[in-house]
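Reviewing the structure listed below.
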Amino acid sequence: MNVDLILEALREGFPTDPLEPQTMPIDETIVTLTPENLRPAVQMLITRFGLRHLSTITGIDTGDEIELLYHFWDRQGLTLRTSLPREDARIATLTDLIPGAAFYEREAAEMLGVVFEGHTGLDTLLLPDDWDSGPPLRKEVE
Amino acid sequence: MSRITIPIGPQHPALKEPISFLLTVEGERIVESALRIGYVHRGLERIFQDRNYVQNVHVVERVCGICSHVHTTTYCQGVEALLGLEVPPRALYIRTLLCEMERIHSHLLWLGVLAEHIGFTTLFMYTWRDREIVLDVMEELSGGRVAHAVNIIGGVRIDLDRDHAHSILARLDELERQIEVFVRIVQHERTFQARTRGVGHLSAEQVRRYCVVGPVARASGVDVDLRRDAPYAVYDRLKFRAIIAQEGDVWARTMVRSMETIESLEMCRQLLTELPEGPLAVRAPRRVPPGEVVSRCEAPRGELVYYIRSDGSDRPARVKVRTPTLTTLMTLPDQLRDVNTADVPTVLSGVDLCIACADR
Amino acid sequence: MIDRIVRWARRKSPWVLHFNSGGCNGCDIEIVDLLTPRYDVERLGILKEASPRHADVLLCTGPVTRQSRDRLRRIYEQMPAPRWVVAVGSCCCSGGVFRDGYNVLGGVDRVVPVDMYVPGCPCRPEAIIDGLVRLLETIE
């Protein structure tokens, strides 16, 4: 992975996004995008850089917002960070671009209440069918 | 021909762990399948937030019994990175030694399970008997056969002297002779090949689409091995090959895992003979300064990822675990399509599922 | 007379069914290990069965998750009496490290009556055999 070329392409393609690239352990670069540009950015990463390996999607309820981290890897790590409002956490699905995102989106949906628009199979993955106590990783759920 | 739906699981002789399938069949051929996981979902990511970093080492080890050491390795590695600790070389060698011994154990266990599922009970008995050699070594080193509690944040808590290292090397030689017998069987035994060749095929493109990792990916020609491509612990100091096959079926996966076992044995030899002197651990503070880390290791089933966020307290704000089995689970509907019902146990065994890992 | 033979057979050759209700697999592989050459419980007359209808003893591992609760209950009900339950491993006995998980109900005795608790994390094969033998001694 050529991190510099990728960052340059992201700056060109999404000039109004914060980006603010940082390095974090272990050999990982993290950039911040707006939710609307997350999917177009991934599309660009796939078509221009052949970056297709999505390790996983981490969802975090920070108290102020729902943060989603998309962890990509190709000899080095690249994480795309985006934040969604807690009352209405929705973002476009990646499953048509990367079928391997299916389980990760389902898990973020059931654990944090995120809606992945366009995902055709958002049934519960790990929680029982009769779960009625709210998304377990949300701060207000005990 | 009309279609029938057959439910399998969560308790079923063909399945080692609770998972359920709905297979839609036309005659003997599967046309569609759906799977349901979550029977082993213990809510670990939430539990991690209610424990401190030290307690979590104990919990992380119990995400999965078979790959317990690599879970603690990935977790401790991440926390050590957040703390900016430099783990002493001797500790890293010992940590890597257990990683490779665990890989040998996991692959031998898997080969036995596959053999049992295709009716080759003799091979099951032989592989499980010989994996006792590995379990004995791990028990002598750590006190535990299956859960070893070797890793601590900052290093390891076990040691071995020169005599012990020699004794282990002798037993590794004995084990290698046995494994070579198994490799010959897998390569040449015609009934084994008849049951596994062409079954459960995945192309390299399917592997990339589902972001599959580990031996299943390597058996379809995708050349990725984190130990070589993003070395952690002391893998940058070891000589080894990543084993790749092209056929993409259960037979190819068997070849990959068998040859990987031989490579791991050789790596254990290097680790034991080159073990440097020095301390076993550095002191780790209880509170971790705010930060985030993505820690990756090559578990026996592939890329294991831990994302940890710290907030300055003695408890993690978030621990996200992605286990390699999740990736292979996503390929199962593709793998099971057009397969005969008699081959279902073979396909399921071929991917080496670890449902405890997947469900967490 | 027949009764005595049946009781002897039950004690001398218990058929076990293994069910994982939510565990990490550590105890499960030690249970499967019982069949393999080092421990070889078949010499003790213990056979691993595939169907609850054929089993005398239910060997449970793992804490009970919400999804497993009904399955566990049904399996127990399908076993013909007399039947016994052995809880193998600490989390089967009490929930273990997972006891406060949001999806965990606790040990297996929340759902079925347990006749023998064999703690350990994971449980050693020797301990499982010991637990089974002690259970059989109480059957008379």
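The values are calculated or read from the model by the stated rules, or taken from the named source; none is laboratory data. Keep in mind that what you see is a predicted model, and the values were worked out from it rather than measured. Positions of Cβ are generated from backbone atoms using ideal geometry, with glycine treated the same way; all protein chains shown enter the neighbour counts. These area figures cover heavy atoms from the full protein model, side chains too; ligands, DNA and RNA do not enter into them. Shrake-Rupley method; radii C 1.70, N 1.55, O 1.52, S 1.80 Å.
Could you please state how large a percent of the accessible area of the protein assembly as shown is carbon and sulfur, counting protein chains only and using a 1.4 Å probe? Percent of accessible area from carbon and sulfur atoms in the protein assembly as shown: 50. Applied to segment B:133-146, the Karplus parametrisation 6.51 cos²θ - 1.76 cosθ + 1.60 on θ = phi - 60° returns per-residue 3J(HN,Hα) values of 4, 5, 5, 4, 4, 5, 6, 5, 6, 10, x, x, 6, 10 Hz, with x for Gly and Pro. Take A:Lys139: with every protein chain present and a 1.4 Å probe, its accessible area is about 120 Å². With all pairs of separate Cα atoms included, segment B:78-134 yields a Kirkwood hydrodynamic radius of 13.3 Å.
A DSSP coil position with no more than 16 other Cβ atoms inside 10 Å describes the following GluC sites (Glu not before Pro) in segment B:13-109: B:Glu28, B:Glu86. Think of it as helices only: each DSSP H run of n ≥ 4 in chain B is worth -39500 (n - 2.57), and spread over all residues that comes to -15500 deg cm²/dmol at 222 nm. Quick one: angle between helix B:68-83 and the longest Cα principal axis of chain B, in degrees between 0 and 90, rounded to 10, please. Roughly 40 degrees between the two axes.
For chain B, relative contact order (Cα pairs under 8 Å, six or more residues apart, normalised by length) works out to 26 percent. Taking one quarter of the surface of the C-alpha convex hull of the protein assembly as shown gives a mean projected area of 28.7 nm². Computed from the C-beta positions of B:Phe240 and C:Ala50 and an R0 of 30 Å, the FRET efficiency is 0.15 to the nearest 0.05. When you restrict to C-alpha pairs under 8 Å that are six or more residues apart and normalise by the size of chain C, the relative contact order lands at 26 percent.
Summarising the overall dimensions of chain B from its C-alpha atoms, the Rg and Dmax are 20.5, 70 angstrom. For the pair B:Glu180 and B:Arg157, a Förster radius of 25 Å applied to the C-beta separation gives a FRET efficiency near 0.15, rounded to the nearest 0.05. For segment B:253-262, the Karplus equation 6.51 cos²θ - 1.76 cosθ + 1.60, evaluated at θ = phi - 60°, returns couplings of 5, 5, 4, 4, 5, 5, 5, 4, 5, 5 Hz by residue, with Gly and Pro reported as x.
Ranking A:Ile66, B:Ile153, C:Ile5 from most to least accessible surface, computed with a 1.4 Å probe over the protein chains only, gives C:Ile5, B:Ile153, A:Ile66. Cross-link partners among lysines for C:Lys48, C-alpha distance below 25 Å, same-chain residues fewer than 8 apart left out? Once the sequence-local lysines are set aside, what remains near C:Lys48 is B:Lys16, C:Lys12.
Per residue, the solvent-accessible area of segment C:43-110 (1.4 Å probe, heavy atoms of protein chains only, all protein chains present) comes to 39 Å².
If you sort B:Phe192, B:Phe120 by accessible surface, 1.4 Å probe, largest first, the order is B:Phe120, B:Phe192. Here B:Thr341 sits with roughly 40 square angstrom of accessible surface, probe radius 1.4 Å. For B:Asp173 and B:Thr5, a Förster radius of 35 Å and the Cβ-Cβ distance give a FRET efficiency of 0.10, rounded to the nearest 0.05. Per-residue ellipticity at 222 nm computed for chain A from its helices equals -8000 deg cm²/dmol, with DSSP H segments shorter than 4 residues left out and the rest contributing -39,500 (n - 2.57). The listed residues B:Met125, B:Met138, once ranked by accessible area (1.4 Å probe) with the largest placed first, stand as B:Met125, B:Met138.
A straight Cα-to-Cα reach below 27 Å connects A:Lys139 with the lysines B:Lys320, residues fewer than 8 places away in its own chain not being considered.
Here the gap between A:Asn2 and A:Asp129, fully extended at 0.36 nm per residue and compared with their Cα-Cα distance, gives a gain of 41.4 nm. The simple spin-label model puts a point 7 Å past each Cα toward its Cβ; for A:Ala9 and B:Ala194 those points are separated by 5.0 nm. Summed over both chains, the accessible area lost when B and C associate is about 3100 Å², using a 1.4 Å probe.
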